[in-house]
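I have placed the structure first, in the form of structure tokens, so that the comments after it can refer back to it.
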Amino acid sequence: MVASGRKSSRRARAPIPAPSPPSPPPPAPQSPPQLTSLLALLASSVTLALRFASDRDLLLRPSQTLALDPLLLSAARAVSRLLALLPLHLQTLTLTSLSLSPPTPSPPLPSSWFLRLLSSPALPDSAWRDAFRMSKPAFFQLLHALALPAPAASSSSLALPPDHKLGAALFRLAHAAPARAVARRFGLPSPAVAARAFYEVCRAIADRLAVLLDLASPDRIARAVPGFCALSLPNCCGALGYARFGEAAIAQALVDADGRFLDVSIGWDPEMAPAEILPRTKLYTSQSIVLANAPQGELIGGSVPRYFLGPACCPLLPWLVTPYKHVDGADDDLSKESIFNHVHAHGLQVVKNAFGHVRARWRLLEECWKGECQEALPYVVVAGCLLHNFLTKCGEPMPEQIHGNAVADEFMEFEGDKDKEGERIRDVLAAHLSLLPWNSVGTVCLKDMNYCTVVGWVQWFLVQRWVTSFGSYTGQLRLSFVDQITEAKKNFRAKPTDGTDAVYGARLALDRVCLFVSAIVPCIGIGTCLVAQCVPSRQGGAYWRAVGTWYQMLAPHYE
């Protein structure tokens, strides 16, 4: 027990360990000095880029500015978020470093891009065409024609100057610019105001320029006939075509040979076929009045009234001539149906080009319209077509590029019944085209490297071959004639006494007559051929066939 007591006392005397002192707090993270200078340079570069894009945007094209603006704004927002993540003393230091070297202050400029454009008279018309797809005189001529109300003249109108309304609408229509970008460039209060200005201008265009689509005008159809006659389509008054705009609507348009729209109907269900759309349009009901009391064209096969060209997706009618079907084979290249289809396709190309010019000039029409905006699409397309006619009337150049959607603009061919009178008119036109010489049909198709051009080359080759054969033959005749003259002279020197001098003289005269006839006959043939090629008349084809037959009969004797 004693031992155990000692042991317990020793345990009681053992020293208690002292508590460890608390560990010091970790030092605050120190940012390297390079981070502050890097952020300062980054923020300064973004600020300068934004200032240049806003103050010197007249030096850039609108497409370039519209592409740079969202990128610069995204960069500015990213730098702002990065600065917000730094401690307060680093934010202060960065802003101080920015304020130490401020950029050189620029002279005061007008508040909006459009005001700077108006206050720069030295800018060329190319700057206006890049921005509004028209020159400065055409812009103000359109402004005068629309007669947009001033802010104080109508309480229902937007409190904007008329030139700002028109400029904002044309800029959005030309570049498919969002309403936010349009409001910023034209100094408008909000994107909603920009959208309202756009639809107000489209409504004014449809009201004020509707006269440019007046098909019933007495001189409208008469002015379209000569243009199609130059395309080897006599008495034709227009070309009918269809196009899809986005996924919202189908447009039907009638276009003259110069690419002007004569009639536009849009807003039809995309699922409808053109054969279903045509009977419901105003053109279908008014064509009898428009084409009435017009002189008929007298051709070889019969008379042809005034008519329109129609695509294969439409029915054949007395006033709507469509192409032949199933003549695409190589064996039918020389048939009158193939020739007619080729000239017909060339005539329909004016509709495709007109739609392509409208799409290239007004890029907003190529955007996808969804929701409530689809209801406004027909008015916007009609406004684009009216502006196209207005700019054509003003002499503005067409866009260099033609935007088309060949896949979307394809429609199924019409498989219904054919009209007997329409078939007769089409057959008369096909027979007329088959009789035309190659220069009147081939020049129309020269760029396409097609049948008519090849026929022209073959004919010219035959003429050259004829001339070569004639040259070689006349050379042989000349040598033979010289030999006969020499022989005759020898016989005359001999002075025969049996009366052979008279025989030799008669033979010499006969040889001279034969030489003259042999020389003049090919010249008459070549002259007839050239006249047939140079005179674009209905008899030209008969002349050429006669000359060709003549050549086949006489050419073997020339070689």
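The values are calculated or read from the model by the stated rules, or taken from the named source; none is laboratory data. Keep in mind that what you see is a predicted model, and the values were worked out from it rather than measured. FYI the Cβ positions are ideal-geometry reconstructions off the backbone, even for glycines, and counts take in every protein chain you see. The protein model used for the area step is the full one, side chains on, heavy atoms only, and it has no ligands, DNA or RNA in it. Shrake-Rupley method; radii C 1.70, N 1.55, O 1.52, S 1.80 Å.
For a quick check of your reading of the model, give me the residue pairs whose first member lies in the range 352-372 and is free of Cβ contacts under 8 Å to residues at least 40 places away in the same chain, whose second is assigned to a helix (DSSP H, G or I) and open to solvent by less than 60 Å² (accessible area, probe 1.4 Å), with beta-carbon atoms closer than 9 Å and at least 6 apart or on different chains. Note: pairs meeting the criteria are V358/L365; V358/V381; V358/G384; V358/C385; V358/L387; V358/H388. Summed over the range 297-309, the residues that are crowded, with 21+ Cβ neighbours inside 10 Å and either closer than 15 Å to D219 by Cα or acidic (D, E) (or both) give a count of 1. A159 meets the conditions (1) crowded, with 21+ Cβ neighbours inside 10 Å; (2) in a loop (DSSP other than H, G, I, E, B); (3) without any contact (Cβ under 8 Å) to a residue 40 or more places away in the chain in every case but one. The failed one is (1).
On inspection, R203 passes the criterion of being assigned to a helix (DSSP H, G or I), surrounded by fewer than 19 Cβ atoms within 10 Å (Cβ to Cβ) and outside the structural domain of L377 (by the TED database). Scanning the range 268-287 for residues that are in a helix (DSSP H, G or I) and open to solvent by 70 Å² or more (accessible area, probe 1.4 Å) yields E276, R280, K282, Y284, T285.
Cβ-Cβ under 7 Å, sequence separation 6+ or interchain: first residue in the range 245-259 and of a type in the set (V, I, T) and at pLDDT 90 or above, partner part of a loop (DSSP other than H, G, I, E, B) and open to solvent by 10 Å² or more (accessible area, probe 1.4 Å). Which pairs? The qualifying pairs are I250/P270; I250/M272.
Would you mind finding the one in A294, A257, A243 that is surrounded by 20 or more Cβ atoms within 10 Å (Cβ to Cβ) and part of a loop (DSSP other than H, G, I, E, B)? Testing whether each residue is surrounded by 20 or more Cβ atoms within 10 Å (Cβ to Cβ) and part of a loop (DSSP other than H, G, I, E, B) leaves just A257. Residues of the range 183-200 that are in contact with a Phe, Trp or Tyr (Cβ under 9 Å, 6 or more places away or on another chain) and open to solvent by 50 Å² or more (accessible area, probe 1.4 Å): R184, G187, Y199.
The helices (runs of 4 or more DSSP H) found wholly in the range 376-477 and carrying at least 1 residues that are modelled with pLDDT of 75 or more, buried (at least 18 other Cβ atoms within 10 Å of the Cβ) and assigned by the TED database to the domain that holds P323 occupy 377-393, 420-435.
Across the range 210-229, the qualifying residues are those that are in contact (Cβ under 8 Å) with a residue 60 or more places away in the chain and either open to solvent by 60 Å² or more (accessible area, probe 1.4 Å) or part of a helix (DSSP H, G or I) (or both), and the one among them that is nearest to R426 (Cα to Cα) is F228.
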